[in-house]
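All remarks here apply to the structure that follows.
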Amino acid sequence: MNKKRVDSCNTSYIFSNKKAQVTIFIILGIIILLAISLLLLFQTEIFRFKTEEIIPTEKGKIENYLTTCIEQIGEEALFKIGLQGGYIDIPSDIAHDASQNLRLSPNLVVPYWAYGQQTRIPSLQDIKTRIDNYMKQNLRSCLLDLQPFQESYDIIEKSEIEPNTEITAAKVILNVRWDIELKNKAGETIAEVIDHQAESDIKLKQVHELAALIIDREMATLKFEDITQDLLALEHPDVPTAGMELSCTKKTWDIFQVQSSLKKLIHTNIPQIQLKGTNIIEYPKTLPYYKSHYLWDIGENGNNNKINVYFNYEENYPFTFAVTPLSGTKLQSSMLGGTDQISFLCLQNWKFTYDLSYPVLARIRDETTGYNFNLAFTVHIIKNNPNRNEIFSRPSLAIETIDSEEFCANKRIPMTVKTYELIENDLGVFNREEISGVNISYTCLRYKCDLGQTSFNPYTASSKITTNFPYCVGGILRGVKQDYKESWQRVITESNKETELNLIPVYHLPASKLKIVKHNYESEQNIGPPKELSKTETALIKLRIFKSNTTQPFHEATLLYSPTDKELQEFQTLSLLAKADYTYELEINAFDQEKFIGGYKGKWTLPWSDLSQANQITFHIASTDSSDENVVYGLMLSLPQISTSLPDPEIK
């Protein structure tokens, strides 16, 4: 009987097939498990998002509205704080007192942080309080004025608005506690919001600290007074302080011109001052004076290269000014010498003392945010010296009211001024005709008003200006036009009065067209040939015209001649009367260093036809090389007689 036997090969195949099936089921199970896990995980992550993160809740909308209002009102407050030197609303006692503020426009004033010895610096705590108050006054209306808010919500205030601004080194944090309940138009309560916050990147604390430091250092060092004193010491041609000049012609300066020139100097130089350590513009190496005087070191606390500081004085700012000695409206030199026997040797000297006070506007700019902060302070000079102890030591003569707007605005008296060109000489020439374009001004004591220019009217064939004048019992009417002598008259204002001003034309002969030659004089029969002056020799030319029976010259002109000093020749001119022949008293005195060597003294008739075409005028003088004082003195005394033996001035 045959027994069944399991084939070993088939058995192996069966077991192998079963293992494969199990493996497949395991893999499928793992895949299903992973799929379920991923599905659960994905659903979990979806439900983790807050609803308001996808669609803002009503409460979120209100909070956004509030934050927007806080930012807006905070920026407004900070802008006003910067514009008005730490103030949002200027106190009335400051706003209406010109001694406590710098008025930049009819609606904008910047309170002085320093006036004389007094300082008034708003503290950061004061500024914080002003921002808080501004927030409290304006936040409610800002929120309620928003159209979406008006259309959708009603507000129930459960507390007062309580701002609490934080001014930190890097920013300004605007905190507000305001408990409000919001309801929709159906009367359903939507949300309650209490605490709110917004931020500004403005670095108010840094800016304020630098502003306070500037005032502190100005009070301690008088930096701006020192700069002003230096400007006075420059001896600007139109701002005399102290000096002397070899001349027999009295030097005069118009006080109005002095004031105007001084204001221009200050306007030009004050903006050059910079703070060391801030974001400065380097001075040229060719101007070491600026680096040593105009770069102001106020200490390490002032170092911040992300801040700019600008100082400024505008010519329309207040300007209190006085100067002594003063003769009417003129500053005049004093003369030494000039006696009959040594009339050639005259010395003009002058020394004037100034009192002045003016404001400076400082603007501090944070370059990281573009934020500007203004502050103002005053500068004081008393008798040419820095001095904040006295606001002003003497009454203002031609001072702050020289161009008084109040006086000039009160022009109610109509008057007419006619202007003419007058040509008249002692040879019988007389011609008078209308001239336009003359600048007319009227001065009454310390007040001066510019009235405009005359213009030609073809219908009346006259050049005139008709305008209203302010009342004055004895004002001075002036007419000024280029290439004419100034003309003036004392005029009492009277309704419909007509006044005439005659202007005399002048011709400005450049010094470069002049030449002086010397003739060695021994006797009338022995006069040497012409020789040019040496490098060390100079000559003073003086021309004068006198009218009949007068001792004061009607016209006078002087010029210092040097054959080698080209700079001197470039800016000098000899002012001569034009458009007619005139006879001058001509006097020339020549010197070698300080020693008199010769000269000329006599009358000279100068034809206008020759003068107007002149390329060169040569003057001849008598001279001596002798060191004998008797010879030199004899030449001095005999110049009028000796000059008749010399050639007349030659015109080519």
Item checked: Test: Ile156 is aliphatic (A, V, I, L, M), free of Cβ contacts under 8 Å to residues at least 60 places away in the same chain and either part of a strand (DSSP E or B) or loosely packed, with under 11 Cβ neighbours inside 10 Å (or both) -> yes
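State which residue is farthest from Asp366 (Cα to Cα) when the search covers only the range 277-318 and only residues that are touching a Lys or Arg at 6+ places or on another chain (Cβ under 6 Å) and surrounded by 14 or more Cβ atoms within 10 Å (Cβ to Cβ).
That would be Tyr283.
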Margin query: Name the residue that is modelled with the lowest pLDDT, counting only residues in the range 291-319 that are within 20 Å of Met219 (Cα to Cα) and β-branched (Val, Ile, Thr).
Written below: Ile298
Notebook entry, point to check: Would you pick out the residues in the range 537-572 that are surrounded by 16 or more Cβ atoms within 10 Å (Cβ to Cβ) and charged (D, E, K, R)?
Noted result: Glu537, Lys542, Arg544, Glu556
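Mind telling me which of the residues Leu639, Leu543, Leu646 ends up being within 29 Å of Trp488 (Cα to Cα) and in the same structural domain as Asn526 (by TED's automatic domain parsing)?
Values: Leu639 fails: within 29 Å of Trp488 (Cα to Cα); Leu646 fails: within 29 Å of Trp488 (Cα to Cα).
Testing whether each residue is within 29 Å of Trp488 (Cα to Cα) and in the same structural domain as Asn526 (by TED's automatic domain parsing) leaves just Leu543.
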Note to self: Being surrounded by 16 or more Cβ atoms within 10 Å (Cβ to Cβ) and out of contact with any Leu (no Cβ under 8 Å at 6 or more places or on another chain) is the filter here; which residues of the range 464-474 pass it?
What the structure shows: Lys464, Pro470
Note to self: So Ile131 ticks every box in (1) without any contact (Cβ under 8 Å) to a residue 60 or more places away in the chain; (2) of a type in the set (A, V, I, L, M); (3) not in a helix (DSSP H, G or I) but one. Which box is left unticked?
What the structure shows: (3)
Notebook entry, point to check: Is there a residue being over 19 Å from Ile227 (Cβ atoms), without any contact (Cβ under 8 Å) to a residue 60 or more places away in the chain and of a type in the set (A, V, I, L, M) anywhere in the range 333-343?
Noted result: yes
Notebook entry, point to check: Within the set of pairs 6 or more residues apart or between chains, which connect a residue that is in contact (Cβ under 8 Å) with a residue 40 or more places away in the chain inside the range 623-652 to a residue that is among the β-branched types (Val, Ile, Thr) and assigned to a helix (DSSP H, G or I) with Cβ atoms less than 6 Å apart?
Noted result: Thr624/Val631
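Would a scan of the range 93-110 turn up a residue that is within 15 Å of Gly74 (Cβ to Cβ) and either assigned by TED's automatic domain parsing to the domain that holds Asp195 or in a loop (DSSP other than H, G, I, E, B) (or both)? Lay out the reasoning, then the answer.
Looking only at the range 93-110, we keep the residues that are within 15 Å of Gly74 (Cβ to Cβ), and these are none.
No, because not a single residue in the range 93-110 is within 15 Å of Gly74 (Cβ to Cβ) and either assigned by TED's automatic domain parsing to the domain that holds Asp195 or in a loop (DSSP other than H, G, I, E, B) (or both).
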Item checked: Unmet requirement for Gln274, which otherwise passes all of (1) surrounded by 21 or more Cβ atoms within 10 Å (Cβ to Cβ); (2) of a type outside the set (Val, Ile, Thr); (3) outside the structural domain of Pro325 (by TED's automatic domain parsing) -> (3)
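Which one is farthest from Ser623 (Cα to Cα), of the residues in the range 502-546 that are assigned to a loop (DSSP other than H, G, I, E, B) and charged (D, E, K, R)? Full working, then the answer.
First, pick out the residues of the range 502-546 that are assigned to a loop (DSSP other than H, G, I, E, B): 504, 524-525, 533-536, 546.
Adding the requirement that they be charged (D, E, K, R) leaves 524, 535.
On the way: Glu524: 13, Lys535: 16 Å.
Applying the filter and picking the extreme gives Lys535.
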Next item on the list: Would you tally the residues in the range 521-536 being over 21 Å from Ala614 (Cα atoms) and surrounded by fewer than 17 Cβ atoms within 10 Å (Cβ to Cβ)?
Entry: 11
Notebook entry, point to check: Which residues, counting only those in the range 642-651, are in contact with a helix residue (DSSP H, G or I) (Cβ under 9 Å, 6 or more places away or on another chain) and either in a loop (DSSP other than H, G, I, E, B) or over 15 Å from Phe596 (Cβ atoms) (or both)?
Noted result: Ile651
Next item on the list: Look through the range 609-622, keep the residues that are touching a helix residue (DSSP H, G or I) at 6+ places or on another chain (Cβ under 8 Å) and of a type in the set (S, T, N, Q), and return whichever of them is surrounded by the most Cβ atoms within 10 Å (Cβ to Cβ).
Entry: Gln616
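Against the definition (within 18 Å of the chain's Cα centre (by Cα), farther than 30 Å from Leu445 by Cβ and charged (D, E, K, R)), how does Lys263 come out, yes or no? Reasoning before the result, please.
Details: within 18 Å of the chain's Cα centre (by Cα): yes; farther than 30 Å from Leu445 by Cβ: no; charged (D, E, K, R): yes.
Considered against the rule, which asks whether it is within 18 Å of the chain's Cα centre (by Cα), farther than 30 Å from Leu445 by Cβ and charged (D, E, K, R), Lys263 comes out as no.
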Note to self: When you scan the range 246-258, do you find a residue that is at pLDDT 90 or above, touching a Ser or Thr at 6+ places or on another chain (Cβ under 8 Å) and part of a strand (DSSP E or B), even just one?
What the structure shows: yes
Margin query: Quick check on this structure: which one of Asp195, Asp230 is at pLDDT below 95, farther than 30 Å from Tyr65 by Cβ and surrounded by fewer than 19 Cβ atoms within 10 Å (Cβ to Cβ)?
Written below: Asp230
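The values are calculated or read from the model by the stated rules, or taken from the named source; none is laboratory data. The structure presented is a predicted model; accordingly, all values stated were derived computationally and were not measured. Every residue, glycine as well, gets a Cβ built from its backbone with ideal geometry; the counts of neighbours run over all protein chains shown.
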